[in-house]
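So the structure is just underneath, and the comments pick up after that.
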Amino acid sequence: MKKYLSRREFIRNAGIGAAGLALGPSLLNDAFAQKPGRRTLRILQWSHFVPRYDKWFDPYAKKWGEEHNVDVIVDHIGLADLRSTFASEVVAGKGHDIVEFIDPPSDFEPSVLDLADINREAEKKFGKQAPFAKRSSYNPHTKKYYGFCHGWTIDPGNYRKSLWEKIGKPEGPSTWEDLITYGSRIKSELGVQLGIGMSQELDTNMAERGLLWSFDTSIQDANERLILDNKRTVDAVKFMTELYRKSMTPEVFGWTAASNNQLLIAGRASYILNSISAYRSAQKDVPEIAKDVYFTPAMKGPKGSGLACEHVIYVSVIPKFATKNADLAKRFLLDLCSNYDRAMWESELYGSPAFFNTPVRSGDRGYPAVKGAKTLRDIHNAWFTADPFALPGEAKGKLLPLKDAEKWSTNVGHPGPANPAECEIFSTYVLPNMFARVARGQQSAEDSVKQAAAECGKIFEKWRSQGLIGKK
Amino acid sequence: MNVRRLLDRESVLAPLLLLPVVLYVVLFIGFPFVMSFVYSISNVTVGNPDFRVTGLGNFREILADKVFQKSLLNTFIFTFVSVGLVLVFAHALAEILIRDFRGKWLVRFLIMLPWTAPIALGSIGFLWFLDSLFSPLDWLLRAVGLLGKPGALFGPMSNLYWFGRPDLAMAAVIGVHVWRLLPLATVILIAGLNSIPKEITEAAQMDGAGYFRRLFQINLPLLFPVIGVSILFATFFTFTDMTVVWVLTKGGPPPHSTQVLASLAFLKGIQGGDLAQGAAVALFFFPVLAGIAAIVLRLVKKAVVI
């Protein structure tokens, strides 16, 4: 055997290697190309918080493909990678045919198809869409449906009944003021804190928006005009500071998306603002805690207003580069809507439909039949009256306060649409920083609100100049 | 054959062998750099790759932005404290590891371990280690009475809340970064120390020079070219890195207590959708790093000539 390579052999072998590297991507491209005579539909979505949902969805999509003579490929990625992945697909001009976001992707509007047709068709077939679902997928300024919203997740209050009972409030908090009055007593007398994030993360963003809305203020008005800098916002910021000082610990400044679940399951939170996923986790891991967890709707503010932000909103887009497969993608999305009873069931009621009046399909649906249920609303009401996933011996009707959650839930951007400015403000955590500066004693509430409003103003101007937000 | 003859000529073969590196630099460093510059003077967003040139407006806005100013300050703190600690610890470790002792291979192996672990994975490990509820470090401090009771050294609260307090969060990201860079810096310094002729050290010892005199008047001056390269490498690596910060704190706790330029560029450019401003933030690396590189390389050259 020869021990050394000659120069020529080295160059030749290196050349072969380089050619292999150069041809590799195109060979891979061919491997992923559509088979002749059969089309391929590619779907990109997050890895669901409830793993059981993905276990149902992937075979469902495959079966749908078989029925329509289509190969369906579903790729799941981490929630944090969705935007960057889709952004690179937009630049590359190729990628998935359907991309499902869990927040409104309004800044991608120029790169996605107008889905007015399926939105109209869906309303014809399934009835009226929840108003905040439309505000999370439709730009009233450009009159374009940049997405199709098929579902959402409720964001209730979760409280430990035994703790609230001990201080004389067994029904849990119904106003933000209750959190200070009773939450501080639970902390000082029973040593258990409240768990409302004040950090640069999703749950904090939702909680603080809910607080602003309950104080009758918001970032923008219904006509997309910036109104953040007002006395009500200042009052809300002062309120949050007091709430933090009396009922919480510095832990809330390091809050992550998992902190709600951790704190509740560890038995170290008297109240959290989260979807029912934390409770579901507790059912599996610490049943005695789960049995003690009860729910409240959105808390009311000083003048009686009470709204909560949807916890997750499922908005699917079809990129412009996927025009060839748009017909398939639209058919898939509409069919998914008509199978939303399964989506609700397989997500263990984490997901709710955007079209409550969708007729329920007949036959074996993979869950115990709900007597007399004609629409998803009937099924929703039945399941939220008697939770089919309740533990043996668990109290009945715990989910009942969430039955009409769409009445007290709304979208990012409320009372206006979820436009790109609102979404950038959400994604770059302008509000959590506004609240934290005051809670940490670094700025007065007035100055912090002014600073946040100035930051928001620049963001609004920028997206206005892009033509995606209406004029002032 | 003409090709054979050509390949036998150094003047042809040398550029040919260098070509892959040049191509790599042009494609993966040069092209993105040019694109960053173009993006930074435009209004491009993640959702709309069609853009128009808008001039230097992005730079003006960023310079006036308080979050940018704080991130710039944080970047310098993060970089210089990390690099300083790495140099001190790496030198101490290298001094120990050039000596012979029992179990030396095990110590070397353990010190090299952080370098073998992917940084994202290592950082997630620290995320758990410093968790606000289940941190074993907090548990240890509570067990020895330094935390969690009135009058305790670290306070009466049950936990330190590493990622909820600005000072501790910054200490955590610096600590994890030092842990990550230490192995390579140690190996480089071991190589440097081994290259110092033993006769010089022995002669100094015979003349009565103590440890610190030998350290500051012999070892460090002779090691300077090696240390210079280590400083350059560690500074570049730290200044442009966002992994540790992003995994541990995402720039928090608010208000942007550990936000650095790299994480801010990602926050604005990808998360916020404003690719143009993200690119403008990222471009601030260039003059700073180019300046540091020029100074360090000049000093190294001077030291080598001496």
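The values are calculated or read from the model by the stated rules, or taken from the named source; none is laboratory data. Remember, it's a predicted structure, so these values are computed and weren't measured experimentally. With ideal geometry, Cβ positions are generated from the backbone for all residues, glycine too; neighbour counts draw on all protein chains shown. Heads up: the accessible areas ignore ligands, DNA and RNA and are worked out on the full protein's heavy atoms, side chains in. Shrake-Rupley method; radii C 1.70, N 1.55, O 1.52, S 1.80 Å.
Numerical summary
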{"item": "Boolean, residue B:139 is within 14 Å of chain A (Cβ to nearest Cβ), surrounded by 19 or more Cβ atoms within 10 Å (Cβ to Cβ) and among the aromatic types (Phe, Trp, Tyr)", "result": "no"}
{"item": "Tally, over region A:72-102, of residues that are crowded, with 21+ Cβ neighbours inside 10 Å and within 11 Å of another protein chain (Cβ to nearest Cβ)", "result": "4"}
{"item": "Qualifying residue in region B:281-296 (condition: away from chain A (no Cβ under 14 Å) and at pLDDT 90 or above)", "result": "yes"}
{"item": "Which numbered condition residue B:123 fails, given (1) open to solvent by 20 Å² or more (accessible area, probe 1.4 Å); (2) within 19 Å of the chain's Cα centre (by Cα); (3) small (Gly, Ala, Ser)", "result": "(1)"}
{"item": "Looking only at region B:247-260, and only at residues there that are more than 9 Å from chain A (Cβ to nearest Cβ) and modelled with pLDDT under 95, the one that is surrounded by the most Cβ atoms within 10 Å (Cβ to Cβ)", "result": "B:248"}
{"item": "Set A:422, A:406, A:446: member being crowded, with 22+ Cβ neighbours inside 10 Å and of a type outside the set (Val, Ile, Thr)", "result": "A:422"}
{"item": "Single residue of A:201, A:208 found to be closer than 25 Å to residue A:418 by Cβ and at pLDDT below 95", "result": "A:201"}
{"item": "Residue list for region A:245-280, restricted to those being more than 11 Å from chain B (Cβ to nearest Cβ) and among the aromatic types (Phe, Trp, Tyr)", "result": "A:271, A:279"}
{"item": "Among (1) modelled with pLDDT under 95; (2) under 17 Å from residue A:222 (Cα atoms) - the single one residue A:370 does not satisfy", "result": "(2)"}
{"item": "Region B:49-69: number of residues that are within 11 Å of chain A (Cβ to nearest Cβ), open to solvent by 30 Å² or more (accessible area, probe 1.4 Å) and either touching a residue at least 60 places away in the same chain (Cβ under 8 Å) or not in a loop (DSSP other than H, G, I, E, B) (or both)", "result": "5"}
{"item": "Criterion violated by residue B:14 - all others in (1) open to solvent by 90 Å² or more (accessible area, probe 1.4 Å); (2) more than 10 Å from every other protein chain (Cβ to nearest Cβ) satisfied", "result": "(1)"}
{"item": "Count of residues meeting criterion [in contact (Cβ under 8 Å) with a residue 40 or more places away in the chain and farther than 20 Å from residue A:175 by Cβ] in region A:231-251", "result": "2"}
{"item": "Pairs, first closer than 13 Å to residue B:178 by Cβ in region B:110-129, second modelled with pLDDT under 85 and in a helix (DSSP H, G or I), C-beta under 9 Å, six or more apart", "result": "B:122/B:114"}
{"item": "Filter pass, residue B:250 being charged (D, E, K, R), without any contact (Cβ under 8 Å) to a residue 60 or more places away in the chain, assigned to a loop (DSSP other than H, G, I, E, B) and closer than 24 Å to residue A:106 by Cβ", "result": "yes"}
{"item": "Among the candidates A:389, A:355, residue that is among the aromatic types (Phe, Trp, Tyr) and surrounded by fewer than 22 Cβ atoms within 10 Å (Cβ to Cβ)", "result": "A:389"}
{"item": "Members of region A:449-467 that are facing chain B (nearest Cβ under 9 Å) and of a type outside the set (Phe, Trp, Tyr)", "result": "A:451, A:455, A:458, A:459, A:462, A:465, A:466"}
{"item": "Region A:255-292, subset crowded, with 23+ Cβ neighbours inside 10 Å and β-branched (Val, Ile, Thr), residue nearest to the chain's Cα centre (by Cα)", "result": "A:276"}
{"item": "Residue in region B:150-162 that is of a type in the set (A, V, I, L, M, F, W, C), assigned to a helix (DSSP H, G or I) and surrounded by 16 or more Cβ atoms within 10 Å (Cβ to Cβ) present", "result": "no"}
{"item": "Residue that is nearest to residue A:192 (Cα to Cα) [pool: residues in region A:252-261 that are in contact (Cβ under 8 Å) with a residue 40 or more places away in the chain and assigned to a loop (DSSP other than H, G, I, E, B)]", "result": "A:255"}
{"item": "Scan of region A:199-241 for residues that are touching a strand residue (DSSP E or B) at 6+ places or on another chain (Cβ under 9 Å) and not in a helix (DSSP H, G or I), ordered by number", "result": "A:219, A:220, A:226, A:227, A:228"}
{"item": "Among (1) more than 9 Å from chain A (Cβ to nearest Cβ); (2) over 26 Å from residue B:168 (Cβ atoms), the one test that residue B:275 misses", "result": "(1)"}
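Yes or no, residue by residue, for (1) at pLDDT 95 or above; (2) assigned to a strand (DSSP E or B):
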{"residue": "A:30", "(1), (2)": "no, no"}
{"residue": "A:37", "(1), (2)": "no, no"}
{"residue": "A:41", "(1), (2)": "yes, yes"}
{"residue": "A:49", "(1), (2)": "no, no"}
{"residue": "A:52", "(1), (2)": "no, no"}
{"residue": "A:56", "(1), (2)": "yes, no"}
{"residue": "A:61", "(1), (2)": "yes, no"}
{"residue": "A:64", "(1), (2)": "yes, no"}
{"residue": "A:73", "(1), (2)": "yes, yes"}
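For every residue, the table says whether it meets (1) closer than 30 Å to residue B:256 by Cα; (2) open to solvent by 10 Å² or more (accessible area, probe 1.4 Å); (3) in contact with a Cys (Cβ under 6 Å, 6 or more places away or on another chain).
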position	(1), (2), (3)
A:135	no, yes, no
A:142	no, yes, no
A:161	no, yes, no
A:164	no, no, no
A:173	no, no, no
A:193	yes, yes, no
A:196	yes, no, no
A:210	yes, no, yes
A:236	yes, no, no
